[in-house]
Amino acid sequence: MSNKDFADKIAIVGVGASNFRELWDKPDKARTQDEMFVAAFKEALDDAGLQLSQIDGLIAGGTSYVTAAYRCGMKRARYVNEYQRAGRQMPTMLSQAAGALLSGMANYVVAFNSVAFRAQGNKFGGVNDGDLYDRPYGMTSAGATYAMGFTRYQHLYGAKEEELGEIAVQIRNHAVNNPRAILRDRITLDEYVQARYIAKPLRLYDYCLINDGAVALILTTADRARALKQKPVYFTSIATQVALFERYLDPELWTTACQGLKRDGLDSVGVTLKDIDCVQMYDNFSVAALWGLEGLGFAPRGEGLKWIKGGRISHGGELPVNTSGGMMAEAFLQGWNAHAEAVRQLRGTAINQVPNCKRVLYFCLSAVPGVTLMTNEP
């Protein structure tokens, strides 16, 4: 099935998300993924105006669909699936939900991700996917590999550390007036530069958070969506480009993958970069935004840090990015909170609302780079 066949036939009709700040302020070692998913699912049902009995599809992220169904009270389903918990999986999970709906295997599908990283004491260090070349030399954290990638980028293009701070400052400051965001203090470029290194040249503010929370999305067909409570948000395209390397970091900094994502996710449905009103992205590290914006073609190769200056990716700028604060300030939900914010933007209910927002692009650069293109005008 091509994206032309798929375009605007599936919609998000319900969204539920944790109050990430509240969970952060009240840490609980006994907090479970299941209880947070149940709360987010109930919110999504209310948001859509649906009853639990109408949900006949379930896609679980990072947990068993059997456990998830039991906890939320689902007794029967027509379609179920589960995926490894990872931001790289989100476009794939959404495409699976779309396939189930288009084929008639389900009428309403809930897809979710729930994490208890803080409750479980997860540090995201000491392990990595790149066993062959990385682990024997002590390269055992994603941040270290991204730092090495930015060092390479500096060598190629003469980029300066303080220039990278523009990304962290502009994205993080979107969270200032977001009541669900974990980090709501405004930061300056000077504060960025003064922050300690985590893996040089990346500093504290270049990293995403480690937190607890859940996001649940309810999807259905466009025909059903138009009769429901909320303004539908349609998927125009979903595309992935699997990058298979022995190392965790794509040695090309995802240039080829981004070209494929643009071809399959935008060009295939006749959408140009100028048609995109805002971007929501997987900002596990600030440099991911840099490489994605350049790789997709928003910014010239090697000039991205100069391109973003002057508030270009801030609310009110030419291309607002991660308008809720992203994973660096709102919460690390592996791209799911980015999709929740995309829905708010396209419904016209976002706190940092982009005027006349009609198309939102999500992208993730990881082992399975992916994009989702969403619209409110099918």
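Here the contact order of the chain, divided by its residue count and restricted to Cα pairs under 8 Å and six or more residues apart, works out to 25 percent. Segment Val176..Lys123, full-extension length gain: 16.5 nm, with 0.36 nm per residue of separation and the alpha-carbon distance subtracted. If you find the alpha carbon centre of the range 245-259 and of the range 267-336, how far apart are they in angstrom? When both Cα centres are located, 18 Å separates them.
Note on Gln51 and Lys274: their simple-model spin labels are 5.0 nm apart, each label 7 Å out from Cα toward Cβ. Computed on the Cα trace of the chain, the radius of gyration divided by the Kirkwood hydrodynamic radius gives Rg/Rh = 0.94. With the simple spin-label model, which puts each label point 7 Å out from Cα in the Cβ direction, the Val242 to Thr151 separation comes to 3.1 nm. Using the Cβ of Leu266 as centre and a radius below 13 Å, the other residues enclosed give a net charge of +2, where K and R count +1 and D and E count -1. Here Lys29 is the anchor, and the aspartates and glutamates within straight C-alpha reach of less than 15 Å, apart from those fewer than 8 places off in the same chain, are Asp212. Taking every DSSP beta bridge that has both ends in the chain, the antiparallel portion is near 70%. Sorted from greatest to least, the principal axis extents spanned by the alpha carbons of the range 170-304 come out as 53, 38, 31 Å. Highest average first, the peptides 73-83, 259-269 ordered by how many other beta carbon atoms sit within 10 Å of their residues are 259-269, 73-83.
Roughly speaking, what % of Cα-Cα pairs in the range 104-218 are separated by over 20 Å, rounded to a whole number? The proportion of pairs with Cα distances above 20 Å equals 59 percent. For the peptides 310-322, 145-157, 101-113, the ranking by mean Cβ contacts within 10 Å, running from highest to lowest, is 101-113, 310-322, 145-157.
Quote the Stokes-Einstein diffusion coefficient, in whole µm² s⁻¹, for the range 30-111, based on the Kirkwood radius over alpha carbon pairs, a temperature of 4 °C and a viscosity of 1.567 mPa s. Stokes-Einstein gives a translational diffusion coefficient of 100 µm²/s. Kirkwood radius for the range 273-360, taken over all pairs of different Cα atoms as the inverse mean of 1/r, rounds to 13.0 Å. Taking the helices alone, the chain has a mean residue ellipticity at 222 nm of -9500 deg cm²/dmol, built from -39,500 (n - 2.57) per DSSP H run of at least 4 residues and averaged over all its residues. Fully extending the segment from Tyr137 to Arg301 would add 56.0 nm, taking 0.36 nm per residue of separation and subtracting the current Cα-Cα distance. Judged by the mean number of other Cβ atoms found within 10 Å, the most tightly packed of the peptides 89-96, 348-355 leads the ranking 89-96, 348-355. In a fully extended conformation the segment linking Lys42 and Lys29 would gain 2.4 nm over its present Cα-Cα distance, using 0.36 nm per residue.
Bear in mind these aren't lab numbers, they're just calculated from the coordinates by the rules spelled out. Remember, predicted model here, so these are calculated numbers, not experimental data. Every residue, glycine among them, receives a Cβ derived from its backbone with ideal geometry; neighbour counts consider all protein chains shown.
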